[in-house]
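The values are calculated or read from the model by the stated rules, or taken from the named source; none is laboratory data. As the structure is a prediction and not an experimental result, all values here were calculated from the model. Cβ sites come from the backbone with ideal geometry, for glycine too, and all protein chains shown count toward neighbours.
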C-alpha cells in the first residue's frame, strides 16, 4: 500500500546514527563511546512512524497548546478505549486516565492502592519498575520466583507469600525480562489467587503489542467482569512506537471506586500532573494510523529474535530461548565462566557491546546468570553485535 | 522587524475562537456555554508564537523522540540557566531540573522539603497550588495575612506564625491573585525571617515575565549567595507563552544537598517522571527566540490592565488596582451587595461572564470579597466582557 511501510523501514539505511548519538539517552547511543553498540534500554533505533510526526506537526500548527481536560483529551481516551475493546476488554473512555508515561502510570497505580506497611507480591525476575513503584508507595515487596528457563508461573506457588498485609499483586505481561506471554491458565490462577486474598492486580501490559511467537496476548481484563473489576491496567507507547521521550501512557480501570482513588492519587485535578497535549495527539495517531507500521515492525523483530536466539544459543554456555513477546533476549549465561556483572563489563570493554546485566537491582535475584539484550535495531547492527560477542568468546576460549 | 510581532498579533482577529472552543479546557472556552466569555484560568486566548510551533515541528521531523537525559535536555537546562543569569541569578545548568509543568515542580519541591507533621508558612490570599502541594506532602499550612488592598507583606507579621515544626515558607512573586510584584524590602524580610528560623524558601516565580508596572521584578535568588542557598525556585512557560498543555516547567536550586533531595523526590532517575522532549524544545525556543514576542504581549497586557482596572473601579462598590504583575485583575467587590460566590454565579448566569470567585478553596480566607479576572485576551473581547459586567450592575442597581 505504502512504500514507507515496506521492509526498508526497518533496515540499517533507515537508521540515522548521527541523530541517535545526539538524542538517544538512558544508556543508549548518546551515552556510550562512539565504537559501542548499545543493546540496553528497551527502545528502538528506528525513527518513529511518519504518521506520528505528521499528527504532531498538524496539531501544533493549530496554534493552541493550552490547558487540557484533566483526565486527558477525549479523542485520546476514546482511541485507547477502542483499542482495548478490539483486544476483548470491556473498556470505556471514562475508565481511561492519560499519564505522562507508563512508568508514571505504574507509580500512580501503586500510590492509589498501597500505603506504608502494606505488602505486595510480584515475581522474580521482573523489571525493576514494578518493585520500585511499590516501594515508593511505602510497601514491602515479596517476590514469587518464576520457573527457571521458561519464566512460567509455578502452579500454587503464590499462596506461601501472602500475609494479612498483602494488598496487591503486580504482574507484567508480556513479561520483562523473560519475554514470556502469559498463558490463559496462568492469568486465571493469578486472578483466582487475587480474588481469594482480596488483592488488587496491577497489570503492566506495556509490551502487549510486541508479540513474536504463536501464543496470543490475552489481556487480563478480557477474561471476566469480576477480574476486570479488581485490575488496574497500565500501558504506554514507548515500546511499540519508540516515543518514550514524549512520556505518554495510560491507566485503564473499570472499577469505579478504584478509578476514583487513582484520579485522587494522580492529582491531575490540581494540574500538578497530566500528559502533554502533543504526546496524547502522537499516541492517538499511533493507535489510529500506525497498525500497518506496527505489523511490519513486529515482523522485523520476529526475524531478528530468531536469528539472535539461535546465534547466542550456539555460544558454548549460553541458552537463549526465542522471546514470545517483547524485543528482549534474556540468555542464561550461567554455564559460561562469567557471572552477569563481569560478562556485561567485559562485553562493554572488549567487544564494545553494552547490555543490561541480570543484576538484582534491575530484575531481582532470579535474574542472576543472565544478561538482557534489546534487539530493536537493524539486522545489520544486531548481526554485527552478535559477531562481536562470538569473537569475544572465541578469543576468550 | 517582523510583521508577526506587530500589535496585530494581540488583536481580536488573531484569536481563533473556533479552535479555543475545541481546545481550551480548565474552565475556559471548551468548558462553557457558547455565549459565555471565560476570564477564569490564567491562560491567554492568543495562539502561541510561531517560533515555538516551528521548533516543535523541526524537532519532530528529526524522527527520533526517544529517552531523554533524566534531568532534562542539556540545551533546555542551558537556556533556563542563561535566562536566570540574565535576571541576576548565579545559575548553572547543573542546578536545573526540567519538570512537567510549574505545578508539578511545586509538588516536587514540597515533597523534597516537607514530611507529615511539618508546618509551612504561606500567605493569605495566595493561589491554591502552594497550600495544596504543601498538604499533599503531609504538612500543615499556616497562613500569614497580607495587607488588604495592597497585598503588601505587613512588616514583622510572620514571626507569630512560626513554630518548632515550621520547615518552609512558600511565596509567589509576582503574587497570584493580588498582582503585587514584591519589593526588595519585602524579599529581604522574608529571607531574613527564613534564615532566622532555618527555613527553606519555596519560591514560585511562574509569573515573573509578566511585569506590567514600574516596579521591577527582583528574583529572590539574585539578592545574595546565602539567600540563593536556601531557596528553591520553580517556574514555567504557561503564563508567558500560553503552552500549559505542553506541561513544561523547571526547578532551580543552587544548594547541592537540597537539589539532590529534589532529584530523589522527583524520581526522574527511575523514568517515572520527567518532561516531554517536545515540551522542552518548545520552552527552549520560547526563551531563545521569543523575546520580542513576549515584549509585545506584555505591552498589550499593560494596556488592557489599565483599561480594565479603570472601568471596573468605576462600577459602584468595586475597587480594582492595576496589577503590577500577572495578567489578573483582583477587584475588591465587598462594597457591592454581593459576596464573591453569588456575584460570580450571577455574572455567569446573567452577564455570561465566567470569573474565579475569591473563595477560600482557591485563594484562602483573605480573598473573601474579591473576584479574579484573567485579562489575557483581546481588547475587543475584554471590553465586551466589561460592558456586560457594567450592564449587569446598571440593570441591577
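Details
- Members of segment A:266-279 found to be within 14 Å of residue A:100 (Cβ to Cβ), surrounded by fewer than 24 Cβ atoms within 10 Å (Cβ to Cβ) and more than 7 Å from chain B (Cβ to nearest Cβ), listed by number: A:268
- Out of A:384, A:380, A:360, A:337, sole residue that is surrounded by fewer than 24 Cβ atoms within 10 Å (Cβ to Cβ) and within 21 Å of the chain's Cα centre (by Cα): A:360
- Residue within segment A:115-127 that is under 22 Å from the mean Cα position of the chain (by Cα) and within 14 Å of another protein chain (Cβ to nearest Cβ) present: yes
- Test for residue B:273: is it in the same structural domain as residue B:94 (by TED's automatic domain parsing) and either free of Cβ contacts under 8 Å to residues at least 12 places away in the same chain or part of a loop (DSSP other than H, G, I, E, B) (or both): yes
- Matching option when the condition is within 14 Å of chain B (Cβ to nearest Cβ) and either in a helix (DSSP H, G or I) or closer than 30 Å to residue A:54 by Cα (or both), among A:282, A:295, A:305: A:282
- Among the residues of segment B:326-383, the one identified as free of Cβ contacts under 8 Å to residues at least 40 places away in the same chain and within 15 Å of residue B:311 (Cα to Cα) is B:333.
- Any hit, segment B:129-149, residues being touching a helix residue (DSSP H, G or I) at 6+ places or on another chain (Cβ under 7 Å), surrounded by fewer than 22 Cβ atoms within 10 Å (Cβ to Cβ), part of a helix (DSSP H, G or I) and free of Cβ contacts under 8 Å to residues at least 40 places away in the same chain: yes
- The single residue among A:87, A:62 that is assigned by TED's automatic domain parsing to the domain that holds residue A:280 and either modelled with pLDDT under 95 or more than 29 Å from residue A:218 (Cβ to Cβ) (or both) turns out to be A:62.
- Within segment A:317-328, the residues that satisfy the criterion of being outside any strand (DSSP E or B) and touching a helix residue (DSSP H, G or I) at 6+ places or on another chain (Cβ under 7 Å) are A:318, A:320, A:321, A:322, A:323, A:327.
- Candidates B:247, B:230, filtered to the one that is free of Cβ contacts under 8 Å to residues at least 40 places away in the same chain and either under 23 Å from residue B:113 (Cβ atoms) or assigned by TED's automatic domain parsing to the domain that holds residue B:65 (or both): B:230
- Filtered residues of segment A:79-105 (kept if farther than 20 Å from residue A:274 by Cβ and within 11 Å of another protein chain (Cβ to nearest Cβ)): none
- Among the residues of this structure, residue A:319 does not count as one that is within 14 Å of another protein chain (Cβ to nearest Cβ), surrounded by fewer than 24 Cβ atoms within 10 Å (Cβ to Cβ) and at pLDDT 95 or above.
- Answer residue from segment B:44-69, given it is surrounded by fewer than 24 Cβ atoms within 10 Å (Cβ to Cβ), within 25 Å of the chain's Cα centre (by Cα) and facing another protein chain (nearest Cβ under 8 Å) and is farthest from residue B:298 (Cα to Cα) among those: B:53
- Leading residue by the ranking (farthest from residue A:292 (Cα to Cα)) among those in segment A:82-101 that are touching a residue at least 40 places away in the same chain (Cβ under 8 Å) and part of a helix (DSSP H, G or I): A:95
- With respect to the stated conditions, residue A:235 is in contact with a strand residue (DSSP E or B) (Cβ under 7 Å, 6 or more places away or on another chain), away from chain B (no Cβ under 11 Å) and at pLDDT 95 or above.
- Of all the numbered requirements in (1) in a helix (DSSP H, G or I); (2) more than 26 Å from residue B:216 (Cβ to Cβ), residue B:67 misses one, and that requirement is (1).
- Segment B:183-269 holds helices (runs of 4 or more DSSP H) entirely within its bounds, and those carrying 3 or more residues that are under 24 Å from residue B:155 (Cβ atoms) and touching a helix residue (DSSP H, G or I) at 6+ places or on another chain (Cβ under 9 Å) map to B:184-196, B:225-229.
- Odd one out for residue A:222 among (1) surrounded by fewer than 23 Cβ atoms within 10 Å (Cβ to Cβ); (2) in contact with a strand residue (DSSP E or B) (Cβ under 6 Å, 6 or more places away or on another chain): (2)
- Residue within segment B:249-264 that is within 22 Å of residue B:107 (Cβ to Cβ), surrounded by 24 or more Cβ atoms within 10 Å (Cβ to Cβ) and within 14 Å of another protein chain (Cβ to nearest Cβ) present: yes
- Residue count for segment A:20-37, restricted to those that are crowded, with 17+ Cβ neighbours inside 10 Å and either at the interface with chain B (Cβ under 9 Å from one of its Cβ atoms) or in contact with a helix residue (DSSP H, G or I) (Cβ under 6 Å, 6 or more places away or on another chain) (or both): 11
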